[in-house]
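Reading through the C-alpha cells given below for one structure.
All of the numbers you see were taken from the coordinates with simple rules; none came from a lab. These numbers were taken from a predicted model, which means no experiment stands behind them. Counting neighbours? That spans all protein chains shown, and the Cβs are built from the backbone with ideal geometry, glycine included.
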Amino acid sequence: MKKITRRIAIFCAVLAALLFALFLLVYNGVILLNDPSAGQYPVRGVDVSSYQGEIDWERLSSQNISFAFIKATEGSSLVDRCFFDNYAQAQKTGLRIGAYHFFSYDSGGDTQAALFISTVEKTDGMLPPVIDLEFYDDYANDPPEQAAVREQLEIMLRELEAHYGMKPIIYATERSYSLYLAGGYEAYDIWIRDVLGTPRLSDGRRWTFWQYTDREQLEGYDGAERFIDMNVFDGTAEEFAQYAR
C-alpha cells in the first residue's frame, strides 16, 4: 500500500511539474495556443500601442505581415503617446495601416468620435477605423446595459463613417460581441479576439479579422510589453488588396 501511495505521489508531482513547464512555455510565448495555418489564412498583421514602445517599422514590416492597426485614441480625451510617430512611420512601409479607438462606457459617442477624427488623418488606402469594444475595470464584472452601449456606439459609428467614407470595423471579445453586437450590426465587419481557439460568433455570422494571440514575439520594438498581438484576415491576399478600397 505504501508503494502504491508513493507511486501516486511521484506521478502527481511529475504531472504537476510538466503542467507548470507547459504553462511557462505558453506564458512566455514559446508555445502559442493558436497558430492558424498560413495556407488557410495567408494575410497576417499586428496591432500595436504605446506598450510596444518605439517601433522600427521597416524591421517589423519585414516579418511576414501585411497590415497593422495602431492605437490612436481612448474615450474622449486620451491620445496614445506613440500614435503620431507610429502612424507616420508605418505609412513609409508596404503595410496597409489602420487606426483604432478604445471605446469608453463613460463618454458619449459624439465626443469619442470627435477625438478620433481630430487625431487620425484620412489617407489613401487606409484600413477602416476600428472601435474596440471590450470590458475594463469594474465593467468586467458589471457590464453596462445593452441599450445604453448601443446608443453611444451607433452615434460613433455614424460619425466615423460620415467622415472617413467607409464603415468602421468593430473589434470585440466573444463576450462583448454576445452582449452588444449579436443579432445586429450586420453592415459592419467584425474583428474578433479569441486567443484560445478558433472563434465562433454567437449568432453564426463570419468575422473579417481574428486576433488569434497576444503572445507573439517579433523583432523591431522595445517597449514595456515584450509581446505583440497577431491577427489574420479572413480571405486571400488578392481579396485583402481590394478590401475597403
For the pair residue 93/residue 54, report the inter-label distance in nm, with labels modelled 7 Å from Cα in the Cβ direction.
1.7
Which one of 218, 196, 236 is farthest out on the positive end of the charge dipole of region 36-242, using unit charges on Cβ (Lys, Arg +1; Asp, Glu -1) and the Cα centre as origin?
236
Can you work out the FRET efficiency for the pair residue 187 and residue 145, with r the C-beta to C-beta distance and R0 = 25 Å, to the nearest 0.05?
0.65
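Suppose the chain between residue 241 and residue 85 were pulled fully straight at 0.36 nm per residue; how much longer would it get relative to their current alpha carbon spacing? List each step's numbers first, then the result.
Numbers: separation 156, 0.36 × 156 = 56.16 nm, distance 2.47 nm.
Extending this stretch completely gives an extra 53.7 nm.
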The long-range amide H neighbours of residue 47, using H built 1.01 Å from N in the peptide plane and a cut-off of under 5 Å, are 69, 229
As I understand it, the value is the acute angle between the Cα axis of helix 146-164 and the longest principal axis of the Cα atoms of the chain; what does it come to in degrees, rounded to 10?
50
With unit charges on the beta carbon (Lys/Arg positive, Asp/Glu negative), name the residue among 86, 37, 128 whose Cα is farthest towards the positive pole of the charge dipole of the chain.
37
Among 90-97, 187-194, how do they line up by average Cβ neighbours within 10 Å per residue, starting with the highest?
187-194, 90-97
To test your reading of the geometry: what angle, between 0 and 90 degrees and rounded to tens, separates the Cα axis of helix 109-119 from the longest principal axis of the chain?
80
Order by protection proxy (mean Cβ within 10 Å, highest first), peptides 161-174, 132-145, 62-75
62-75, 161-174, 132-145
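Divide by every residue of the chain the summed helix terms, -39500 (n - 2.57) for each DSSP H run of at least 4, and state the resulting mean residue ellipticity at 222 nm, rounded to the nearest 500 deg cm²/dmol. Intermediate values should be presented prior to the final figure.
Values: 6 runs with 75 residues, N = 245.
Value at 222 nm, helices only: -9500 deg cm²/dmol.
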Starting from the 7 Å offset along Cα-to-Cβ, what nm value, one decimal, do you get for the label separation of residue 227 and residue 62?
2.7
Sticking with the crude label model, points 7 Å out along Cα→Cβ, report the distance from residue 214 to residue 196 in nm, one decimal please.
1.3
Can you list the aspartates and glutamates whose alpha carbon sits under 13 Å from that of residue 167, skipping same-chain ones fewer than 8 residues off?
154, 159, 186, 189
